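Before any comments, here is the structure.
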Protein chains: 2
Amino acid sequence: MNDDPWLSDEQQLAWRTFLEMTAALNARIERDLQQAAGMPHAYYLILAMLSEAPGWSMRMNQLADIVQASQSRLSHAVARLEDYGWVRREQAAGDKRGQLAILTDAGHTRLVEVAPSHAETVRSTMFDPLSDAQLVEFREICATVLTQMKDD
Amino acid sequence: MNDDPWLSDEQQLAWRTFLEMTAALNARIERDLQQAAGMPHAYYLILAMLSEAPGWSMRMNQLADIVQASQSRLSHAVARLEDYGWVRREQAAGDKRGQLAILTDAGHTRLVEVAPSHAETVRSTMFDPLSDAQLVEFREICATVLTQMKDD
């Protein structure tokens, strides 16, 4: 603990603005994905991450990290995605404890259908208001914060 | 829908970095608040927002917007905070449907105890890595995105 833990006025203002922005952004994304595809953002992220993985396949614990879910919340989500026929689960070869989630052809088709409207939400909400310089600054700021967290 | 909904490569990179940064940041804040105070971030935000409201009192629906929770999730959180004796609920005067959440003296005391360690988490994780110029840019970027969402 630092001697002076408090945020400066400028930091406090930035923090509150960031919290408000992410809350409004999350609400917008959830609303648009529900309307366009009847799925929450977490389901979309699971399909998208699997589609970029080798063999459309990832370990459940890796996937939990990426979609920022507890193991139990992820299991619930993947079970729903299995009901839809978009994901299947399989035991990892040579690892009795490891379980894989695998994107199905039907899941890939659904992702490709939904992706344009989701991209439109993100682009129009997050990026259209920003200048090219702000886009670069924003990415650099997020990368800087992320890199330090990984080094901690 | 725009003719070209897709994100540019730079936008896609910024979006993924932002998602990864917020996921790691949320995980860090939840971990630190659990360790320091045994409470999730949503509970902390409820206490903090009430402490800044006139009469330490807010309508439940206002509070739901601010902490980005559904009415049912907020009701559950406020019920837990009532169990701890940190919040009480009251019917809003002249509004049969409106319910107020009110911070208690014990809740205020708990907030004041927890605030320094939470501020330390936010400052060291989010702001220590950033330059003064980046801090200002970050706040301006978040405000720009937020303002456009409110205008939509």
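Quick notes
- Qualifying residue in the range A:136-146 (condition: more than 8 Å from chain B (Cβ to nearest Cβ), assigned to a helix (DSSP H, G or I) and without any contact (Cβ under 8 Å) to a residue 60 or more places away in the chain): no
- Filter result (within 14 Å of chain A (Cβ to nearest Cβ) and of a type outside the set (Lys, Arg)) within the range B:62-83: B:62, B:63, B:64, B:65, B:66, B:67, B:68, B:69, B:70, B:71, B:74
- Filter result for residue A:110 (open to solvent by 30 Å² or more (accessible area, probe 1.4 Å), touching a strand residue (DSSP E or B) at 6+ places or on another chain (Cβ under 8 Å), more than 14 Å from chain B (Cβ to nearest Cβ) and more than 21 Å from residue B:22 (Cβ to Cβ)): no
- Failed criterion for residue B:116 (all others in (1) crowded, with 16+ Cβ neighbours inside 10 Å; (2) within 14 Å of chain A (Cβ to nearest Cβ) hold): (1)
- When the range B:50-77 is filtered for residues that are within 12 Å of residue B:107 (Cα to Cα) and of a type outside the set (Gly, Ala, Ser), the ones remaining, listed by number, are B:50, B:56.
- Strands (runs of 3 or more DSSP E) fully within the range B:7-106 counting 3 or more residues that are more than 30 Å from residue A:133 (Cα to Cα) and open to solvent by less than 30 Å² (accessible area, probe 1.4 Å): B:99-103
- A Cβ distance below 8 Å, combined with a sequence gap of six or more or placement on separate chains, defines the contacts here; from the range A:83-99, residues that are small (Gly, Ala, Ser) reach residues that are assigned to a loop (DSSP other than H, G, I, E, B) and at pLDDT 90 or above in the pairs A:85/A:104.
The values are calculated or read from the model by the stated rules, or taken from the named source; none is laboratory data. This structure is a prediction, so every number in the text was calculated from the model and none was measured. Cβ: placed from backbone, ideal geometry, glycine included. Neighbour counts: every protein chain shown. All accessible areas refer to the heavy atoms of the entire protein, side chains included, with ligands and DNA or RNA removed. Shrake-Rupley method; radii C 1.70, N 1.55, O 1.52, S 1.80 Å.
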